[in-house]
Amino acid sequence: MTSRAGEAFSIDRAVSDIEALLAVDLSADGAVVSEGDPETGEWTVTRGAGFQIRPIWESEALTGVYGRDWNEAEEAAAENLTLVVGELDRWWGPHRPVSMRVPLFRDQAGEPVPALFQSLCDVDCYGDLTVWGPVTADGRWVAVSVNQCDGDAPMILTAVVSDRPITELAD
């Protein structure tokens, strides 16, 4: 669960959150840190050397949701991602997909994974990334994805900003 629980999806807010994320200071080095809301403890941000990951929307929990209702929830989350991708494609041109398959398998095997991908795995963000970059004069990259850590968990739309290229990992 994230600090975005209970918020209705808004394309304007999602895009505004991504714009704000582009403006954050990114540390050049240091350990990866995940932070939670001071009151609820729910995930708000993960910071690492050259990147930040933030939830920008979270669906309702899917506990006890099955069949058609579950499919509709999954489709709604995918539609939200499509809206964000469409808007960002208008800004920055066509996106590139970056699979999370290799980072996921490496993580499960206990093999080293670059810090950004490891951090995504650590917060259960296994959804493939939709990537643009560089999108700013200082070379920042942006990625978005929709994620679900298990069948009862909410769908989470996340955004990433990085000062390093976000590219597919080789097998």
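Some observations on this one:
- Matching residues, the range 128-171, being within 9 Å of the chain's Cα centre (by Cα) and modelled with pLDDT under 95: N147, I156
- Residue that is nearest to V84 (Cα to Cα) [pool: residues in the range 31-70 that are in contact with an Asp or Glu (Cβ under 6 Å, 6 or more places away or on another chain) and in contact (Cβ under 8 Å) with a residue 40 or more places away in the chain]: I56
- Being within 18 Å of T136 (Cα to Cα) and in contact with a Cys (Cβ under 8 Å, 6 or more places away or on another chain) is a condition met by at least one residue of the range 51-61.
- Residues within the range 33-55 that are part of a strand (DSSP E or B) and of a type in the set (G, A, S), tallied: 3
- Filtered residue count, the range 135-161, keeping only those that are buried (at least 16 other Cβ atoms within 10 Å of the Cβ) and of a type outside the set (F, W, Y): 18
- Considering the range 99-113, and only residues there that are crowded, with 16+ Cβ neighbours inside 10 Å and not hydrophobic (A, V, I, L, M, F, W, C), the residue that is nearest to the chain's Cα centre (by Cα) turns out to be P103.
- Some residue of the range 90-98 being in a loop (DSSP other than H, G, I, E, B) and surrounded by fewer than 13 Cβ atoms within 10 Å (Cβ to Cβ): yes
- Matching option when the condition is closer than 25 Å to D12 by Cα, touching a Gly at 6+ places or on another chain (Cβ under 9 Å) and among the hydrophobic types (A, V, I, L, M, F, W, C), among W92, W57: W92
- N80 vs. criteria within 24 Å of E19 (Cα to Cα) and assigned to a helix (DSSP H, G or I): yes
The values are calculated or read from the model by the stated rules, or taken from the named source; none is laboratory data. Just so you know, these numbers come straight off a predicted model, no measurement behind them. Glycine also receives a Cβ, built like all others from the backbone with ideal geometry; neighbour counts cover every protein chain displayed.
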